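To start, the structure itself, in C-alpha cells.
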Amino acid sequence: MTISTTKKLLGATIAAGVVFALAGCGQAPAAEPEGSGAPADSDFLPCLVSDAGGWNDKSFNQSAKEGMDSAAEELDVKPLEFESANDNDYAPNLETAVSEGCSLIVAVGFKLAAATVESATANPEIDYAIIDDYADTDFDGTTDAPNIKPLVFDTAQAAYLGGYAAAGWSAQSGVNKVGTFGGMQIPSVAVFMDGFALGVDKYNEDKSAAVEVFGWDVATQEGSFTGGFDANDTAKQTAQGVLDQGVDVLLPVGGPVYQSAAAAIADSGKDTLMIGVDSDLAVADPSVAGVTMFSIMKAINVAVHDATTAAAAGEFDPAPYVGTLENEGVKLSGFGDFESKLPDGLLDEIAALQEQIISGDITVESKNSP
C-alpha cells in the first residue's frame, strides 16, 4: 500500500480528429471540470482508493486520480490517495482513510464494492462514492448505504459507435473480422463488448455487410476473458486466441490488459489495430499510439472532480450519476493519424448514429448497462 498526496493533474490532450460527445444521467458534466464556486470547508479532506490496477493503469484508476487531483488543486487541499497493490488492500486502505479523517472517500471499481459498503455503513457521517458499481451487494436494486454515490457509465452507447467504426474499417480492408476480449466478466466490462457487437450488427444492417465478431456473443453473454485485469501471459494468450481468428481490429476491455493485446499484435507481425477503453489510450500511452485506432472513453475524471467539489461545498448528493452520450459521460476519442484512412463518409455516419442515440431513435440495449 502506498499513500500519495500529490496534487499534480496529469493532463490528457484529446487526440486529433472528430471527438464525439460524452454522457450521463442528470446534469451534464462540463467538457473541462468546473468547480462549484463554493470554498471547501477548512477541514475537508478528499480521499481516493485505487483497485489493484494502480494509478498508472492508463485507464480508470489513472482517470479517477486525475479527477481527484484537479479538484484538490482547485479547492487548495491535499488529498490522500491510497494505491492498492492487490485485493487484500481494499478494506485496510478504506480503514486507514477513515482513521485519517477523510471527509469524502472515492473507491475505484466494482472490486471495492463490499469493502466500501462495510465502511460506509460503519461510518454514516462520511461521504462515499464508487466508480463502475452501484454498491448493491445484496442485489435488491438499491445502493446498500445511503451515503454512497455510484458513478456509473452506460458505455454501450459509445461502444456502439466504436463497433460501427471498427466494422467499417474491417469491411474496407476486406478482412471483415473484428474481435474483443475482457478481463473479468462483470457488467462494467461486458457493457463495452455488448455495445461493440451491436454496433457491428448495425453496420452490417446498414451496409448489407458481413463483418463477424469474435470473442463475444451478446445473446449468450459468452466470450473470451482473462479472469483478471493484469497484463500477463494469460492476457496475452487470450488476446492471441482472438487474433488467431484473423481479426484486424481488436477491443481489449480491462485496463492494463491492453498491454498484453499490444504485445500479441506485435508478435503476430500483422497490421491489426487496437481500440482503447476508459481513457484516450493513444495519449495516455504513446508507446501503443501506432496501433490504437481510437478509444471508447468514460469521463471518470469529470465525475470524480464534480463529486469532490460538491462534497467540499456541502452539496454531496448520493443519487447515482450515469454517464451517457447525451450528458457527455461517454464518448469516442478522435482517430488521430487513422482519420485520413477511414472509409469516406464514416465519420458522418457515426455522428448521425450518435444523434439518433441521444434523441432516442436508437436504443442500445445491453443487459449490462447501468
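The values are calculated or read from the model by the stated rules, or taken from the named source; none is laboratory data. Computed from a prediction, not measured in an experiment: that's the story for all the values here. Cβ: placed from backbone, ideal geometry, glycine included. Neighbour counts: every protein chain shown. Side chains are part of the model used for accessible areas, which takes the heavy atoms of the whole protein and leaves out ligands, DNA and RNA. Shrake-Rupley method; radii C 1.70, N 1.55, O 1.52, S 1.80 Å.
The figures follow:
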| item | result |
| --- | --- |
| Helix-only CD estimate at 222 nm, as mean residue ellipticity for the chain, using -39500 (n - 2.57) per DSSP H run (n ≥ 4) | -11000 deg cm²/dmol |
| Expected-Rg normalisation [2.2 N^0.38 Å, Cα atoms] applied to region 59-134 | 1.04 |
| Relative pair counts by distance (%), Cα atoms of the chain, 20 Å bins | 32, 57, 11, 0 |
| Förster-model FRET efficiency, 22 Å R0, ASP76 and ALA319, C-beta, rounded to 0.05 | 0.20 |
| Region 85-150: GluC sites (Glu not before Pro) falling in loop per DSSP and having at most 16 other Cβ within 10 Å | GLU100, GLU125 |
| Average accessible surface area per residue within region 284-370, 1.4 Å rolling probe, Å² | 40 Å² |
| LYS341/GLU212 FRET efficiency (R0 25 Å; Cβ-Cβ; nearest 0.05) | 0.70 |
| Percent antiparallel among DSSP beta bridges (both partners in the chain, rounded to 5) | 20 percent |
| Sequence-distant residues sharing a close amide H with GLU212 (under 5 Å, placed H) | LYS177, VAL178 |
| Long-range HN-HN contacts of ILE130 with modeled amide H, under 5 Å | ALA107, LYS149, LEU151 |
| Surface accessible to a 1.4 Å probe, ASP361 within the full protein complex, Å² | 120 Å² |
| Derived scalar couplings ³J(HN,Hα) [region 152-157; Karplus, 6.51 cos²θ - 1.76 cosθ + 1.60; whole Hz; x for Gly, Pro] | 10, 9, 7, 5, 4, 5 |
| Within the chain, longest stretch free of exposed trypsin sites (Lys or Arg not before Pro) [DSSP loop, at most 14 other beta carbons within 10 Å] | 9-269 |
| Among ALA158, GLY109, GLY141 the positive-end extreme of the charge dipole of region 98-163 (Cβ point charges) | ALA158 |
| As computed over region 254-370, the Cα convex hull volume per residue (Å³) | 148 Å³ |
| Solvent-accessible area, 1.4 Å probe, carbon plus sulfur percent, for region 234-330 | 47 percent |
| Region 231-265 versus region 123-192: alpha-carbon centroid distance in Å | 19 Å |
| Calculated FRET value between THR142 and ASP348, using beta carbons and R₀ = 41 Å, to 0.05 | 0.45 |
| Region 184-244, relative contact order in percent, only Cα pairs under 8 angstrom and at least six apart counted | 33 percent |
| Nearest-ten-degree value, helix 233-243 long axis tilted from longest Cα axis of the chain | 40 degrees |
| Distance violations [Cα-Cα > 32 Å] among LYS65/LYS341; LYS177/LYS298; LYS149/LYS202; LYS58/LYS78; LYS65/LYS202 | LYS65/LYS341; LYS149/LYS202; LYS65/LYS202 |
| Residue of THR324, THR143, THR238 that the Gaussian network model of the chain assigns the largest fluctuation, springs spanning Cα pairs under 10 Å | THR143 |
| For MET184, distant residues with modelled amide H under 5 Å away | GLY227, GLY228 |
| Dipole magnitude (debye, nearest 20) for the chain, charges at Cβ of Lys, Arg, Asp, Glu | 860 debye |
| DSSP beta bridge pairing in region 214-370, given as percent antiparallel to the nearest 5 | 40 percent |
| Charge-dipole axis of the chain as Lys and Arg at +1 and Asp and Glu at -1 on Cβ define it, positive-most pick from THR220, ASN93, GLY179 | GLY179 |
| Residue order for SER99, SER70 - accessible surface, 1.4 angstrom probe, largest first | SER99, SER70 |
| Neighbourhood net charge (14 Å Cβ-Cβ; Lys/Arg +1, Asp/Glu -1) for ALA284 | -2 |
| Unit charges on C-beta of K, R, D, E only; dipole of region 73-186, Debye | 760 debye |
| Potential extension, GLU365-SER173 segment - 0.36 nm per residue separation minus Cα distance | 66.3 nm |
| Rounded accessible area of ASP348 (nearest 10 Å², 1.4 Å probe) | 120 Å² |
